[in-house]
1. For Met65, all conditions in the list (1) buried (at least 16 other Cβ atoms within 10 Å of the Cβ); (2) hydrophobic (A, V, I, L, M, F, W, C); (3) within 27 Å of Tyr189 (Cα to Cα) hold save one; what is the number of the exception?
2. Have a look at Asn139, Asn149, Asn186 and point out the one that is closer than 29 Å to Lys92 by Cα and assigned to a loop (DSSP other than H, G, I, E, B).
3. Is it true that Ile271 is surrounded by fewer than 17 Cβ atoms within 10 Å (Cβ to Cβ) and over 30 Å from Leu69 (Cα atoms)?
4. Which of the residues spanning region 181-197 are buried (at least 22 other Cβ atoms within 10 Å of the Cβ) and of a type in the set (Phe, Trp, Tyr)?
5. With respect to Ser23, is the statement that it is surrounded by fewer than 22 Cβ atoms within 10 Å (Cβ to Cβ), in contact with a Leu (Cβ under 9 Å, 6 or more places away or on another chain), hydroxyl-bearing (Ser, Thr, Tyr) and part of a loop (DSSP other than H, G, I, E, B) true?
6. Hey, among Arg298, Arg289, Arg314, which residue is closer than 17 Å to Leu74 by Cβ and either surrounded by fewer than 16 Cβ atoms within 10 Å (Cβ to Cβ) or touching a residue at least 24 places away in the same chain (Cβ under 8 Å) (or both)?
7. Pick out the one residue from Gly117, Gly108, Gly78 that is under 15 Å from Tyr155 (Cβ atoms), of a type outside the set (Phe, Trp, Tyr) and assigned to a loop (DSSP other than H, G, I, E, B).
Amino acid sequence: MKICFCFLLFLSTITYSQIGGISSFTNLNRTYNARSLSLGGSFISQRDKDLNISINNPALLNPSMIHKLSFNQLFQTGGVQNGMIIFARNAKKINCIQNLALRYVNYGKNIETNEFGEKTGEFTPLDFIISSGFGRKINPHLSFGGQLNFLYSQYNSLNSIGVSFDFGGNYLLKDTTQSISFIIKNVGYQLKGFTENSRAALPTEIQIAYAHKLKHAPFRFNYLFHHLNKWDLTYNNPNIKGTIDPLTGDSIFPKKSNFIQKTALHFTPQIELFLSQNLHLRFAFDYFRRYQMALTNRPGLSGFSFGIGLYFKRFSLDYGFSSYSVAGNFNGITIISSVDQWRKK
């Protein structure tokens, strides 16, 4: 683990992260399953039967996911939808567990106009990600995984192509109730831009998570630290100027973020509550999302998310909800089943 930590520390000094519209293929950072949605959008720390989590961290691929098939559909305000189909298999020749996934984003119908603002038609922008990931257990405690993503976007007559790679690890501590995970994701290149000479960097990001399941209580706490390759995630509006105090004549400048706030922007607490083997509840709070999306006068539930998991004999059903702002929320549904369960004996 010391080697992994040193490697991450080194990588964080040579990579950078794009925040807020200056990178390509930002659909890589969208949430594509209900469980992750209910836990703040990114969940990388638990090695269990949920193969959807392997798309977030391929190191979590394990034998309990073999022949599992999952369908995911998420709904956003404004008619935007995204989803994922994912399947896992045993790649015996290389002694790994493999996932195969198709992710997509449908932005709904958009109006096409000419330079005079006259409507000339309609079009539907689409994003696609085709992925294949591999995970391998090195020993009873340590596992690693990698994932290759082929990226394609079609916006009317314009299209873009790219490739990216994710590399992750997971380490179970001796009592197996605690684990440490990391992921380096979206390392890649835009092979073809929408226009000539318009290539942009991908939204590369480093995440680390710590998970702890209480021995005598039905809780699992997950602590996610994200965007570790960029320390300062704050935004200072250049249009906000300093003012003059009418009584003292002193200049008053906008307050800048302090160390505590900058640290909090990297931290997302996540909680799973196991009411029974068949019923799980989930909660999370993403301060970074609240900082970005909440309206000043009406913050509402921005940054908060929750969900529920129902587990039956032949399939499981997950629901997730995440509040971005009062202007829009995310809802997601996931169905997971094993192909073997439906085969005739």
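1. Just one mismatch for Met65, condition (3).
2. Asn139
3. So Ile271 does not fit the description; no.
4. Matches in region 181-197: Phe182 only.
5. When the stated conditions are applied, Ser23 passes them.
6. From the options Arg298, Arg289, Arg314, the qualifying one is Arg289.
7. Selected residue: Gly108, the only one of Gly117, Gly108, Gly78 that is under 15 Å from Tyr155 (Cβ atoms), of a type outside the set (Phe, Trp, Tyr) and assigned to a loop (DSSP other than H, G, I, E, B).
Yes/no matrix, rows are residues, columns are (1) modelled with pLDDT of 95 or more; (2) in contact with a Leu (Cβ under 9 Å, 6 or more places away or on another chain):
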| site | (1), (2) |
| --- | --- |
| Ser157 | no, no |
| Ser164 | yes, yes |
| Phe167 | yes, no |
| Asp175 | no, no |
| Gln178 | no, yes |
| Phe182 | yes, yes |
| Gln190 | no, yes |
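The values are calculated or read from the model by the stated rules, or taken from the named source; none is laboratory data. Model, not experiment: these values are computed from the prediction. Note that each Cβ is placed from the backbone with ideal geometry, even for glycine, and that neighbours are counted across all protein chains shown.
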